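The structure under discussion appears below in the form of structure tokens.
The values are calculated or read from the model by the stated rules, or taken from the named source; none is laboratory data. Everything numeric in this text was worked out from a predicted model, so none of it was measured. Cβ placement follows ideal geometry from the backbone for every residue including glycine, while neighbour counts extend to all protein chains displayed. We work out accessible area using only protein heavy atoms, side chains counted, and drop any ligands, DNA or RNA first. Shrake-Rupley method; radii C 1.70, N 1.55, O 1.52, S 1.80 Å.
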Amino acid sequence: MPSHDFSTTPADLPRPTDDGACAHLQSCSVPSIELGTTDGSWVNLAQLDGLCILFCYPMTGRPGVPLPPHWDAIPGARGCTPQACSYRDRHIELKQHVSYVFGLSTQTSPYQKEAAQRLHLPYPLLSDSELKLAKSLALPTFHVDGVGELIKRLTLIIKDGRIVHCIYPVFPSDGDVPHVLEWLRLHA
């Protein structure tokens, strides 16, 4: 049975493999789609100037609510809270290199808002609950019974509406930020 301590990840999680599902994203233009945020605003990633980090994650859990059955057995599924917290903890350092940091999932903004407040996130979470961005960019997804279609964990670095780098798969989830910072130091 999965642990309900969302702040850590079990040591025995299965490692996701690079199935090539993001190979097409390099240099792609981001589609002009309005996404709701946890701060009540709307964001169109195609219209943002400068560098933007968009880390995509399957879903955040809630304290006291069980994770979907067999969640820990899905490669790359577990770890949304540690990933979000690593972006929180290194937000000031990230903002020295980029204009924007966002998390994105298929959960609704009201659902995401609970996590953003509970985790004290200094950046907004974006909702792609209708999968418009995911489908438009052909992002890799997976289906979970009782939950629906979820985006696999990946990170996009976007500059002036164009994807300039993609990290996929992301594992472990809280190891994402060091990879992003390394890339930014070399390329930004």
How far apart, in nanometres, would the label points at residue 26 and residue 91 be if each is projected 7 angstrom from Cα along the Cα-to-Cβ direction? 3.2
Net charge near residue 42 (other residues with Cβ under 14 Å of its Cβ; Lys, Arg +1; Asp, Glu -1) is -3
Relative contact order for the chain using alpha-carbon pairs under 8 Å, separation at least 6, rounded to a whole percent? 32
Give me the accessible area per residue for the stretch 79-188, probe 1.4 Å, as a whole number in Å². 43
Partner lysines whose C-alpha sits under 19 Å from that of residue 132, ignoring same-chain residues fewer than 8 away, are 152
Specify the residue with the greatest mean-square fluctuation among 145, 39, 19, computed from a Gaussian network of the chain linking alpha-carbon atoms under 10 Å apart. 145
Residue-normalised value, i.e. accessible area per residue, for the stretch 10-56 at 1.4 Å probe, in Å², stands at 51
Candidates 23, 46, 134, ranked by Gaussian network fluctuation over the chain, Cα under 10 Å, top entry: 23
For the chain, just the Cα set please: Rg and Dmax, both in angstrom. 15.2, 45
Around residue 56, with a cut-off of 10 angstrom between Cβ atoms, what is the net charge of the other residues, counting Lys and Arg +1 and Asp and Glu -1? +1
Normalised contact order of the stretch 82-188, rounded percent, pairs of Cα under 8 Å and 6 or more residues apart: 26
Structure-based [θ]222 nm, the chain - -39500 (n - 2.57) summed over DSSP H runs of at least 4, per residue, nearest 500: -6500 deg cm²/dmol
So what is the relative contact order for the stretch 131-188, in percent, with contacts set as C-alpha pairs under 8 Å and at least six apart? 19
